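Each remark here refers to the structure printed beneath this line.
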């Protein structure tokens, strides 16, 4: 079994980086994405501990043969991404990031990446944790893929904390 993890919105809250890039871009969409897809403000990203703890428990229980990160982040962000993963103690077998000229929709990029990874690592079954409804919907149709919505993980964990 292979575990596939997303970064932005799943393992990390990127809202502070988003805000800084919006301020800097001042309405210029291209400038915003250049900023957001650079390592410039990635130190503002905050770990989503509810999801991270869920992932660690899942790893302990399911013992996946392969752990991969598939993120729409740019290759320019690889070094900072690896640093972030190290800081939350997640060590994937592989990290797949978007190429510089890859402008596909996130669900298309991730569907193709997951297909290639399943073939590469000879994995029929996969669990995907992501926060994008479109990604979850498309990958959920791939067969032998269980999708888990990171937003629901957070809601569930917070609900359980409130009932204690």
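The residue list 43, 13, 6 contains one member that is farther than 23 Å from residue 135 by Cα and modelled with pLDDT of 95 or more, which is 43.
Looking at residue 146, is it more than 14 Å from the chain's Cα centre (by Cα) and assigned to a helix (DSSP H, G or I)? No: the conditions fail for residue 146. Residue 77: closer than 28 Å to residue 152 by Cβ, out of contact with any helix residue (DSSP H, G or I) (no Cβ under 6 Å at 6 or more places or on another chain) and at pLDDT below 95, yes or no? Here the answer is no, as residue 77 does not meet what is asked.
Which of the following residues is touching a strand residue (DSSP E or B) at 6+ places or on another chain (Cβ under 6 Å), modelled with pLDDT under 95 and buried (at least 20 other Cβ atoms within 10 Å of the Cβ): 129, 145?
From the options 129, 145, the qualifying one is 145.
Of all residues in the stretch 7-25 being over 20 Å from the mean Cα position of the chain (by Cα) and surrounded by fewer than 16 Cβ atoms within 10 Å (Cβ to Cβ), which is nearest to residue 79 (Cα to Cα)? Applying the filter and picking the extreme gives 20.
Please verify whether residue 82 is at pLDDT 95 or above and either under 12 Å from residue 5 (Cβ atoms) or in contact with a helix residue (DSSP H, G or I) (Cβ under 8 Å, 6 or more places away or on another chain) (or both), treating the condition exactly as stated. Taking the combined requirement at face value, the residue does not satisfy it. Can residue 96 be described as within 13 Å of the chain's Cα centre (by Cα) and assigned to a strand (DSSP E or B)? In short, yes. For the stretch 74-82, indicate whether the set of residues that are without any contact (Cβ under 8 Å) to a residue 60 or more places away in the chain and either surrounded by 19 or more Cβ atoms within 10 Å (Cβ to Cβ) or farther than 21 Å from residue 17 by Cβ (or both) is non-empty. Looking through the stretch 74-82, at least one residue is without any contact (Cβ under 8 Å) to a residue 60 or more places away in the chain and either surrounded by 19 or more Cβ atoms within 10 Å (Cβ to Cβ) or farther than 21 Å from residue 17 by Cβ (or both).
When the stretch 40-58 is filtered for residues that are over 16 Å from the mean Cα position of the chain (by Cα) and either part of a helix (DSSP H, G or I) or in contact (Cβ under 8 Å) with a residue 40 or more places away in the chain (or both), the ones remaining, listed by number, are 43, 44, 57.
For residue 136, indicate whether it is surrounded by 18 or more Cβ atoms within 10 Å (Cβ to Cβ), more than 18 Å from residue 62 (Cβ to Cβ) and touching a helix residue (DSSP H, G or I) at 6+ places or on another chain (Cβ under 6 Å). Spelling it out, it is not the case that residue 136 is surrounded by 18 or more Cβ atoms within 10 Å (Cβ to Cβ), more than 18 Å from residue 62 (Cβ to Cβ) and touching a helix residue (DSSP H, G or I) at 6+ places or on another chain (Cβ under 6 Å).
The values are calculated or read from the model by the stated rules, or taken from the named source; none is laboratory data. All figures in this text were calculated on a predicted structure; none of them were measured in a lab. FYI the Cβ positions are ideal-geometry reconstructions off the backbone, even for glycines, and counts take in every protein chain you see.
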